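Note sheet for the following structure.
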Amino acid sequence: MAGEWLKFDASTPDKPEVLAITVAMGWDDPDLTVGKLLRMWRWFDQQTIDGNAAGVTPSLLDRLLGVSGLCAAMESVGWLEVYDGGIILPNFDRHNGKTAKNRALTAKRVAIHKTNADGNAKGNAPIVSAALPREEKRREEKNKEEKTKQKSPPAARAASLSVPDLVDMGVDAQVADEFLAIRKKKRSPLTPLALEGIRREAGRAGMTLGDALRKCVERGWQGFEAGWVKNEKPGASRHGNFASQDYRAGVGADGSF
């Protein structure tokens, strides 16, 4: 186990990712989200060495935390990575365990040193503990490289977009959340290149990106092409009705990019 220490950022309760997870969970209190996240991070800190929970499924972890859908919500904002062999907590060593604690304390010592009016003479006094030795630093970097290689299965998801990304582009939060859920179900992360294809087709159809994604949610599409709606009249979208029903003719046209 990594130890009984967690690095908690004071700005965490107000981060866009926390708000997006709150919306995805159907809650109205971000503090509830922060509490569940803290339990999640504590579990990884106590039960894993490097944030890789091999063999653990999202449903099992959700049940352990007493809430359904938290793993999926965290994955949608990039705070959790799920692959066939288990679950990974990204950037584990930044915030969890003894290594993170050592870095935080070292950074604090450096900050105090820089603000010391007497400069190096006083900053290097015997009462001030030294920074991490160079050898230990090299060992840390080597361990980090090895961990990065071990996390290769979910690496392709690193560039996937999240709910806040789509909201920043003017897409309704609920539409963004449900569209990403469709992509996730079909194991097709929404990358910037895939989104650019959807945006391009939406422009050809005379629709905004938000309207195109709403159409995808209504019909259960994971992608969008202008030809699929070319015979529809403007405003034909059934706003507010998120039925996952596909009205397109043909076989295999699932909107993949």
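Computed values, structure above
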| quantity | calculated |
| --- | --- |
| Output for segment 14-31, where each listed residue is surrounded by 14 or more Cβ atoms within 10 Å (Cβ to Cβ) and either touching a Gly at 6+ places or on another chain (Cβ under 6 Å) or assigned to a helix (DSSP H, G or I) (or both) | Pro16, Glu17, Val18, Leu19, Ala20, Ile21, Thr22, Val23, Ala24, Met25, Pro30 |
| Checklist (1) crowded, with 18+ Cβ neighbours inside 10 Å; (2) assigned to a helix (DSSP H, G or I); (3) in contact (Cβ under 8 Å) with a residue 24 or more places away in the chain applied to Asp50, failing item | (2) |
| Pair list, Cβ under 9 Å, 6 or more apart: segment 151-170 residue in a loop (DSSP other than H, G, I, E, B), other residue among the polar types (S, T, N, Q) and at pLDDT 90 or above | Lys151/Asn52; Ser160/Ser76; Ser160/Thr191; Leu161/Thr191; Ser162/Ser76; Gly170/Thr208 |
| Counted residues, segment 163-189 - those being more than 19 Å from Gly69 (Cα to Cα) and among the hydrophobic types (A, V, I, L, M, F, W, C) | 4 |
| Output for segment 32-46, where each listed residue is in contact with a strand residue (DSSP E or B) (Cβ under 7 Å, 6 or more places away or on another chain) and either acidic (Asp, Glu) or open to solvent by 50 Å² or more (accessible area, probe 1.4 Å) (or both) | Arg42, Asp45 |
| Check on Ser244, buried (at least 16 other Cβ atoms within 10 Å of the Cβ) and either at pLDDT 90 or above or touching a helix residue (DSSP H, G or I) at 6+ places or on another chain (Cβ under 8 Å) (or both) | no |
| Matching residues in segment 179-216 - criterion: being part of a helix (DSSP H, G or I), open to solvent by 30 Å² or more (accessible area, probe 1.4 Å), closer than 24 Å to Ala73 by Cβ and without any contact (Cβ under 8 Å) to a residue 24 or more places away in the chain | Lys185 |
| Segment 57-94: number of residues that are farther than 20 Å from Val23 by Cα, open to solvent by less than 30 Å² (accessible area, probe 1.4 Å) and of a type in the set (Val, Ile, Thr) | 3 |
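Conditions (1) under 18 Å from Phe44 (Cβ atoms); (2) at pLDDT below 80; (3) surrounded by fewer than 13 Cβ atoms within 10 Å (Cβ to Cβ), marked per residue:
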site	(1), (2), (3)
Ile127	no, yes, yes
Pro154	yes, yes, no
Leu161	no, no, no
Ala176	no, no, no
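The values are calculated or read from the model by the stated rules, or taken from the named source; none is laboratory data. These numbers were taken from a predicted model, which means no experiment stands behind them. Backbone-built Cβ (ideal geometry, glycine too); neighbour counts: all protein chains shown. Only protein heavy atoms, including side chains, enter the accessible area calculation; ligands, DNA and RNA are left aside. Shrake-Rupley method; radii C 1.70, N 1.55, O 1.52, S 1.80 Å.
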